[in-house]
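The values are calculated or read from the model by the stated rules, or taken from the named source; none is laboratory data. Not measured: the values here are computed from a predicted model. As a convention, Cβ positions derive from the backbone with ideal geometry for all residues, glycine included, and neighbour counts pool all protein chains shown. These accessible areas exclude ligands, DNA and RNA; they are computed on the full protein's heavy atoms, side chains included. Shrake-Rupley method; radii C 1.70, N 1.55, O 1.52, S 1.80 Å.
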Amino acid sequence: MDYDHGSRPNRRRAATLLDALKGRLVDASEAVEHHVTMQSATSSPHWRISNVAGVHVYEVARGWNADLAFKNLPFGVPALMGNAVPVKTRREALESAIRQLSLCVEREKVPVAGNDSPMLYFVIDDIEIPVDPDDLPDTRAKLAREGYTVEQAEGRLAYLRHVISGDEPLNADNVAEADHETRTRLVIACHIAMALGRTQFSVDDGTWADFMPTAPGMM
């Protein structure tokens with residue numbers, strides 16, 4: 001059974017773990033963030049320590065995940081942030097969470113800009129792709145008229161990942177190696193998924209084999 005971030009017992013455990021890990025934070029003032037967009041290195045300024053609701057550490061088939069769960073975020077900002085691929089041990093997952101919490105402390109020191117940079121970001125695996133929020137209402141209305149579903153959008157993302165990286169998580173290197181047309185299709189697919197209410201998509205959400213029967217045809 002997949003881990004349920006929203007269940008009450010898991011949320012309680014995550015909040016308790018957050019309190020414990022706050023006493024183990026490190027100096028991250030010189031750290032370099034590794035979240036990558038199609039344009040530049042970045043991460044959400046809203047991923048601040050005051051917005052962290054809990055730390056979910058759990059075992060999966062390929063190892064351990066550590067996810068920070070956030071609250072009070074603007075629409076379009078992912079509410080979960082964690083290691084892109086599972087680590088081998090629970091200890092490594094805890095260390096990953098401590099590093100991410102320490103970065104959240106550093107973000108807290110920087111004022112959040114107003115509407116100077118309204119761009120939203122769709123997170124697919126280890127990549128953040130910018131989405132213009134001004135275009136979302138029109139896209140949402142068009143998709144509703146066409147009957148386009150969230151499952152179809154997820155299938156499209158899984159298909160493009162399959163084309164780019166053979167079902168391995170997307171990262172800066174394999175996306176950069178893809179041809180221009182495929183990268184453009186990825187940007188469009190992320191825009192469509194966000195218009196339908198998704199803000200992120202990972203390998204745990206499915207690979208191409210999971211969506212093949214229902215995924216839309218080539219765009």
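Structure above, values below:
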read-out: Whole-number percent relative contact order across the chain, with pairs defined as alpha carbons under 8 Å at least 6 apart; value: 19 percent
read-out: Helix 136-146 axis, angle to the chain major axis (alpha carbon atoms, nearest 10°); value: 50 degrees
read-out: Residue-normalised accessible area of the chain, given per residue in Å² at a 1.4 Å probe; value: 54 Å²
read-out: Rg followed by Dmax, in Å, when segment 62-164 is reduced to its Cα trace; value: 16.9, 49
read-out: Hydrodynamic radius (Kirkwood) for segment 148-206, which is based on Cα pairs only, to one decimal in Å; value: 11.5 Å
read-out: Globularity ratio of segment 120-219, using Cα Rg and 2.2 N^0.38 Å; value: 0.99
read-out: Calculated P(r) of the chain - Cα pairs past 23 Å, %; value: 49 percent
read-out: With Cα atoms, 0 to 90° folded angle of helix 150-165 axis to the chain main axis; value: 80 degrees
read-out: Inter-label distance for K142 and R11, nm, one decimal - labels placed 7 Å from Cα along Cα-to-Cβ; value: 3.6 nm
read-out: Accessible area of the chain belonging to carbon and sulfur atoms, whole % at 1.4 Å probe; value: 51 percent
read-out: FRET efficiency, 1/(1 + (r/R0)^6) with R0 25 Å, evaluated for M212 and D2 via beta carbons; value: 0.80
read-out: 12 Å beta-carbon shell around D138, net charge (K/R +1, D/E -1); value: 0
read-out: 24 Å Cα-Cα reach of K88 towards lysines, excluding residues that sit fewer than 8 places from it in its own chain; value: K22
read-out: Total formal charge among the other residues, if their Cβ is under 13 angstrom from that of D4, Lys/Arg +1 and Asp/Glu -1; value: +1
